[in-house]
Amino acid sequence: MDSVQFPLSAGTYVINGRKYRRTAYQIKAATDDVTPKFEQFEDTPDVYDDEPSAGCLAPPGLPALKKKIAKAKEVKEAKPESNSTQPTEDERISVIDGKKWIASISVPVCFIGKLHGMNRRALNALENDTQCRVKTPRRDENKPCEISSIVRLECVQRCLDRIEIFVDDAKKTARVTHFVALPCDQHEVQENFEVFKQLVLDSEHFDASCKNPQLFTKSPRLHLTLSVVCLFDDVDLQRITESFKVIEEEIKEIMNNKPMIADIQGIDMMNDDPSQVSVIYAKVSGEKIQEVANHLNRRLIELGFAKNEGGDEVKLHMTLMNARYVAQAEKLKKFTFDAKKILEDLKESYFGTFQLTEICKLMPAMINTMELRDSPKSNRSSQAVIDAKYTLTYLSDSSEKGSESPRSLRDYHRGGSGSLTGGGAIVLANNKPDMKKYKQKLDSRLGVVLLMCLVTIFVILGIYGTMHSSVHDELTVYVNRTHQIASELKNAMDENYPKENQTNIDKHGRVWMTVEELEDYAYLIEKTNSTVWNLFFWNLVLSIFLFPIVLAIHLGWIAGNGAKLAYRVVLLIGLLFCIAQFLHLVHPVFWGAVRFPGMLDRLFLEAYPRDQYHIDSIQRRFACEFKPHDTLVQLDLQQPCIPKMKNSLLPTYSTLLLIFIDLFPFLFGAFIYAWSAWIKNSNVVRTARQRVELNNSRRVPFPTHNVYTPPERNTKSIGKQEESTAPEKY
C-alpha cells in the first residue's frame, strides 16, 4: 500500500457543477540509474496495481519534450523566414527555394463554377493530370487562381496553358453582356416615336397581336446599336474603358470636325415573314455615322471584346417593337406578332433628323437574360412559316385525259414529204452540223460569253492583285537586300558562302543561297506582279470596248453584212487576246504562284543569308512572328508570318481558275459544235428530249370558263335591286 494510495482519497475538481476525480500520472525522473524511477504526483491512480491497466501511465520524458518544443518555437519566431522567391525561364512562374513552383492566373468569377465542374470533378482531374494544386478564390473575393507544384516547372506550365485555353473557350461561347450604342434621347425622336406608338395601338386596321403596349421600347431607351461586347470582370471593364479613350481619338480624326448627322426614316423587320415578326426597327442613314459605327465595331473585334459575326458593315437600326419584351413579361417561350399592315401603311414613317453629340455609351445587356436579342443577327435565321391554302379546280369532260390532246402525237406520226398524215418519206438527220446555223449561234452567243469572261478575269485579277501587292513590295525589298548581302559575301570570299555558285551547307549546318538564285527570285516576283496588272488593264480596256458593240448587235441597232463582218473581226481579236493571255497566265503567273510558297520558306526559314533588320520590319508591319510559339498561336495571341504572307500572295487555285475562264470561250464554241454534231442526237439526250416533249404535249391548259367568282357583299344594293325587280301583286 506504500506505492499506491487508496483510490477513495483521490482529489476532485468541479466543471459546470459536476465533480470529477483526478487521475495520477508518473514521469520518468532524471537519474543515472539503469532502472528508471517514477515520481508519484498527488493524484492517485484509478486502479489497483494488480489490474491489467495499471501500467497505462503518462509517456516518459513529457516535460522535457514540452521544453524542447517551446525552445524550437522561440527560435523559429526569432529567425526570419528564409523562403526566397525567384523567377524562372517562364515569366509567368516563380520558384521558392528551388523546390516549389507557383503561379497565378486571373479567371473571371462567372467561370469558376465551370472550372470546378460538378463536385469539383473537373478541377480534380486537372490537378491529377498536371500534378498541381489549384486554389480558386471565393465568389466574394476578387483574387486570381493560385497554382503550385513541388514536382517540376513543366507541371505548372501545363496547368496554366490548360486554364488559359479553358478561359478562352469559355469567352468564345459566352453570351454578350454589354452593348455599345448611340443614345437617341432627342425630343423630336421621342415625340415621333410616341405618335407611331399611338397610331399602332389606336388603329383598328392593324392586327390584334400588335396592340400589346409591352411590345414597344420605352422612349428614354431609344438607341442605335453599334456593337455587342463581352465583359466578364473588372479587368475587362478597365481594358475597354482605356480602349474607348484611344478609339475616341480615332473617331475624332474620322469626323474631322464635321457633325455626325443621323436621319431616321422608314421601318423594316429583322426576319423574312411579316406575319411572324420578332423585331421592327427604324432605318438609320448617314455617311459619317455609318463610318464611325464600322470603325468602332472593327476595333472592338480586333481588341477581342466583340465577336466577328461576318460582314464589315454594321446594320444601324433603332428598335421600335420587340417581341422579347412580351415573352419576358408574360413568361412565354416564344412570341411573334403580325406586322403586315404596319409595314405597308407606316413604311415611310419619319422619326427625326438630329446631330449626335455623344459618341457612344456602354450599356448592360442583361434584362432577365444576358443575350441581346434585338441585334441584327438574332432573327436573321428565323424560318418563315407559310400557311397552306387549298384551291378548287374545275375541269371539263373534254380535258380530263391529257392523252387525248392533239399535241400528244409522236414524232414518227408526223407527216414527211408524202401526202398521207401518218407516213411519207422522212428525211434522215445528217450527223454533220449546218455551218450556217453554227455561225449564227456563235454570233448570238459568243460575244456575250467573251464579254463575261473578260469582266470576270479583270475582277479576279483586281482582287488578288491588290492582295498580292501588299506583300510584293516588302518581299521585293527583302530579296534585293538579301541579294546585296550575298554579293558582298561572295566578293569577300567568305568561308561559309558557296564557292561554285551552288547551294551548299557550311560547317554549322546552315544552307546558303547563291546570288543567281536570289536574282531568279527577284525576277520572278517582279515579272509576276507586272504581268498581273498588265492583264488587269487590258481586260478592263477590252471589256469597255466590247460592251457597246455587243449591246448594239443584240439590240439590233446595227444591221447588215458589213456590221456582221466587223463584229466577227472584233470577236476574233478578243479570241486572239485570250490565246496570248493564256500564255502569260501559264508563265509567269501560274509558275510564280506555284513557286511562291517554297520561296518564302527558303528565304525566311530554311536558307541564309537573311536580313534581320527587314525581317523585324515585316513582323511589325504585318503584326506577326516568323518563329511563333505554338501555345500562343493556339490561343490566338500570335500569328505566324509565313502562312499570312502565303495567303496574301497570288494563290495557285486562282491562277487555275483564271486559265479556265480564259479558255472558256473556246470550250463554249467547241461545245456548240459538239452539241449539233453528236451530243444532240445521242441516245441519252434524245430520250430525255422526247420525254420532255411528251410531258409538254400532255400538259392540260388551265380552265378559265369554270372559275368561281364569289358574289358581291354589298347587301343593301342587292336588297334594293330585288325590290325593284319583284313582280307587283294584284
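The values are calculated or read from the model by the stated rules, or taken from the named source; none is laboratory data. The model shown is predicted, which means the values in this text are computed figures rather than measured ones. Counting neighbours? That spans all protein chains shown, and the Cβs are built from the backbone with ideal geometry, glycine included. What goes into the accessible areas is simple: the full protein's heavy atoms, side chains included, and nothing from ligands, DNA or RNA. Shrake-Rupley method; radii C 1.70, N 1.55, O 1.52, S 1.80 Å.
Observations
- Residue within the range 333-351 that is out of contact with any Ser or Thr (no Cβ under 9 Å at 6 or more places or on another chain), open to solvent by 60 Å² or more (accessible area, probe 1.4 Å), of a type in the set (A, V, I, L, M, F, W, C) and farther than 20 Å from residue 247 by Cβ present: no
- For the range 67-92, filtered to residues that are among the charged types (D, E, K, R) and within 30 Å of residue 160 (Cβ to Cβ), the residue that is modelled with the lowest pLDDT is 81.
- Some residue of the range 182-204 being assigned to a helix (DSSP H, G or I), of a type in the set (Val, Ile, Thr), touching a residue at least 60 places away in the same chain (Cβ under 8 Å) and under 26 Å from residue 343 (Cβ atoms): yes
- Answer residue from the range 330-355, given it is at pLDDT below 85 and among the hydrophobic types (A, V, I, L, M, F, W, C) and is farthest from residue 273 (Cα to Cα) among those: 354
- Taking the range 93-132 as the range and being among the charged types (D, E, K, R) and within 13 Å of residue 163 (Cα to Cα) as the test, the residues that pass are 114, 127, 129.
- Look at the range 677-690: where a residue is farther than 18 Å from residue 441 by Cβ and a partner is in a helix (DSSP H, G or I), sitting 6+ places away or on another chain with Cβ atoms under 9 Å, you get 690/411.
Residues checked against (1) among the polar types (S, T, N, Q); (2) open to solvent by 30 Å² or more (accessible area, probe 1.4 Å); (3) under 30 Å from residue 548 (Cβ atoms):
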| site | (1), (2), (3) |
| --- | --- |
| 571 | no, no, yes |
| 588 | no, no, no |
| 603 | no, no, no |
| 644 | no, yes, no |
| 664 | no, yes, yes |
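- Test set (1) in contact (Cβ under 8 Å) with a residue 60 or more places away in the chain; (2) open to solvent by 30 Å² or more (accessible area, probe 1.4 Å); (3) more than 30 Å from residue 165 (Cβ to Cβ) - residue 592 fails condition number: (2)
- Only helices (runs of 4 or more DSSP H) whose full extent lies in the range 620-690 are considered here, and the ones with at least 2 residues that are modelled with pLDDT of 90 or more are 641-648, 652-674.
- Comparison of 601, 611, 630, 616 shows that the only residue that is in contact (Cβ under 8 Å) with a residue 60 or more places away in the chain and among the acidic types (Asp, Glu) is 611.
- Only one of 327, 323 that is free of Cβ contacts under 8 Å to residues at least 12 places away in the same chain and open to solvent by less than 40 Å² (accessible area, probe 1.4 Å): 327
- Residue check for residue 247: touching a strand residue (DSSP E or B) at 6+ places or on another chain (Cβ under 6 Å) and either in a helix (DSSP H, G or I) or of a type outside the set (Ser, Thr, Tyr) (or both): no
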